[in-house]
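A short worksheet on the structure shown next.
Throughout, read-outs are computed from the coordinates displayed, never taken from laboratory work. Remember, predicted model here, so these are calculated numbers, not experimental data. Neighbour counts are summed over all protein chains in view; Cβ atoms, including those assigned to glycine, are modelled from backbone coordinates with ideal geometry.
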Amino acid sequence: MKIVVVAVGRLKAEYARLGSSMFFQRAQRVFPCQVIETRDVHRRRGGGADQWRAREADLLLGAVPAGATIVALDERGHAWTSREFAQWLTVRRDGGVRSVAFLIGGPDGLHPRVRERAHHVWSLGALTLPHELAQLVLSEQIYRASTLVSGAPYHRD
């Protein structure tokens, strides 16, 4: 099963680029990973957050592979423990799901249309995270899940 992360904008912070790359590379042993970065929506005067979120929604949803299970990352979503997340991925993989796409919005969050299209809405926690940090946390959790699935000694309860 392939994991695809679709995120608004490029990772600009070096810590996020390096950390995400490292965790995705490590997770590849169990879950092939791909990151798709959509272009940033130009925020100009006279526009509003809802307009920008709607444009980002088009870009995010347009980049999702056909037939993928969509998971929107949003602080209003359901929180999983690391073990629950690993189990959720395992059930999808063993059930024949070809790909899971995790969607990360821009600075204004996700448009409601993205949450409506998602099969699951997942919260990384009650805090609002910048999208760069959200991608770093997501990449670490995907790696952690891969070690739980494979029995590698990374996760500790």
Checklist entry - So, by mean Cβ neighbours within 10 angstrom, what's the order for 82-89, 149-156 with the highest one leading? => result 82-89, 149-156
Next on the checklist: Only counting other Cβ atoms within 10 Å, I'd like THR90, THR128, THR147 sorted with the fewest neighbours first.
Outcome noted: THR128, THR90, THR147
Checklist entry - In which sequence would LYS12, LYS2 go, from the one with the fewest C-beta neighbours within 10 Å to the one with the most? => result LYS12, LYS2
Item to check | Relative contact order [Cα under 8 Å, 6+ residues apart], the chain, whole percent | outcome: 35
Checklist entry - For the chain, what Kirkwood radius comes out of the mean inverse Cα-Cα distance, in Å? => result 15.8
Checklist outcome for this item: Using alpha-carbon positions, the gyration tensor of the stretch 62-140 gives root eigenvalues a ≥ b ≥ c; with a/c under 1.5 called rounded, otherwise prolate if a/b exceeds b/c, else oblate, the class is oblate
